[in-house]
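Worksheet: the structure to be examined is printed underneath.
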Amino acid sequence: MGIVIALIVAVLLSVTVFMVGCGKTPPTIQPPSPEHAQFRERLNELAQSEPPKDLSMGAMCYDVASPPERFDYVCPVCNAKTVLVNERRYSRTPWELDACRRLVKEIKGLDVALVETGFCQTCFPHAERRSIDLVVHHPNGSSHCVQGITGNDLKLLAEFLAGQEKHMGARGQETPLRDYADRLRELLVLPEDTK
C-alpha cells in the first residue's frame with residue numbers, strides 16, 4: 001500500500017511540475033546540501049584540470065536538414081495535440097525536444113524532469129513563450145528550474161555526472177568538459193563564488 005501511495009505522490013508531483021512550469025521568478029536557493037558541496041568540489045577540480053589531449057575533430061562536412069513546415073506536438077500529460085506552424089522560432093523545436101526527451105533519461109545521479117512549457121495549448125493556454133525547461137530536485141527537498149535548456153545542456157550534465165573529461169558535441173567533435181564549467185554551475189545552480 002505504501003508503494004502505491006508513493007507512486008501516486010510521485011505522479012502528482014510530476015504533473016504539478018509540468019503544469020506549473022518554471023515560472024518567471026529566479027530559483028530560490030536553499031541552504032547547501034551535501035550534494036551541492038560535492039558538485040562544487042567536482043566542478044572546481046574539473047575547471048582546474050588539464051584538458052585531455054586526444055580530442056576527436058568529428059565530421060567536417062554534413063548536409064543541413066530543412067526545418068519542418070509544421071510541428072505536431074502531442075502533450076505527454078494530457079495527450080492533446082497542438083499544431084505549430086513553421087516559423088523561424090520553431091525551426092529547431094521538434095529535433096531539440098526529441099533530443100531533450102532522449103537525453104534526460106541518460107542523466108544518472110540527479111533527479112531531473114523536463115517541463116515543456118507552453119507547447120500544449122490545453123495545459124498552457126496563456127503561455128507567453130514556448131520553452132524546454134529543466135527542474136532539478138535535490139535530496140534536501142529543494143528544487144530549482146533552469147529555463148530554456150537545450151539537448152547540449154543535458155548532454156553536459158550526463159557527461160559531468162558520469163565523471164567524463166570530454167564533451168561530445170555535434171557531429172562527433174570532442175572538446176574539454178572543463179570548458180563548460182560555468183554552464184554546469186548554472187544548470188546545477190551553484191553560486192558563482194565557487195570558481
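Nothing in this text is a laboratory measurement; each read-out follows from the coordinates by a stated rule. For clarity, every value in this text was computed on a predicted model and none was experimentally measured. Note that each Cβ is placed from the backbone with ideal geometry, even for glycine, and that neighbours are counted across all protein chains shown.
Can you pull out the residues in segment 150-182 that are more than 18 Å from Gly109 (Cα to Cα) and of a type in the set (D, E, K, R)?
Lys166, Arg171, Glu174, Arg178, Asp179, Asp182, listed by residue number.
Keeping to segment 141-183, report how many residues are closer than 19 Å to Asn44 by Cα and of a type in the set (Val, Ile, Thr).
Final tally of qualifying residues: 1.
State whether the residues of segment 104-114 include one that is acidic (Asp, Glu), closer than 19 Å to Val189 by Cα, surrounded by fewer than 18 Cβ atoms within 10 Å (Cβ to Cβ) and out of contact with any Phe, Trp or Tyr (no Cβ under 6 Å at 6 or more places or on another chain). So that I can check it myself, show each step before the final result.
Applying the first criterion (acidic (Asp, Glu)) to segment 104-114 yields 106, 111.
Now restrict to residues that are closer than 19 Å to Val189 by Cα: 111.
Now narrow it down to the ones that are surrounded by fewer than 18 Cβ atoms within 10 Å (Cβ to Cβ): 111.
Filter again for out of contact with any Phe, Trp or Tyr (no Cβ under 6 Å at 6 or more places or on another chain), leaving 111.
Looking through segment 104-114, at least one residue is acidic (Asp, Glu), closer than 19 Å to Val189 by Cα, surrounded by fewer than 18 Cβ atoms within 10 Å (Cβ to Cβ) and out of contact with any Phe, Trp or Tyr (no Cβ under 6 Å at 6 or more places or on another chain).
Only one of Arg130, Arg101 is surrounded by 15 or more Cβ atoms within 10 Å (Cβ to Cβ), of a type in the set (Lys, Arg) and over 13 Å from the mean Cα position of the chain (by Cα). Can you tell me which?
Values: Arg101 fails: over 13 Å from the mean Cα position of the chain (by Cα).
Step by step, each of Arg130, Arg101 is checked, and only Arg130 is surrounded by 15 or more Cβ atoms within 10 Å (Cβ to Cβ), of a type in the set (Lys, Arg) and over 13 Å from the mean Cα position of the chain (by Cα).
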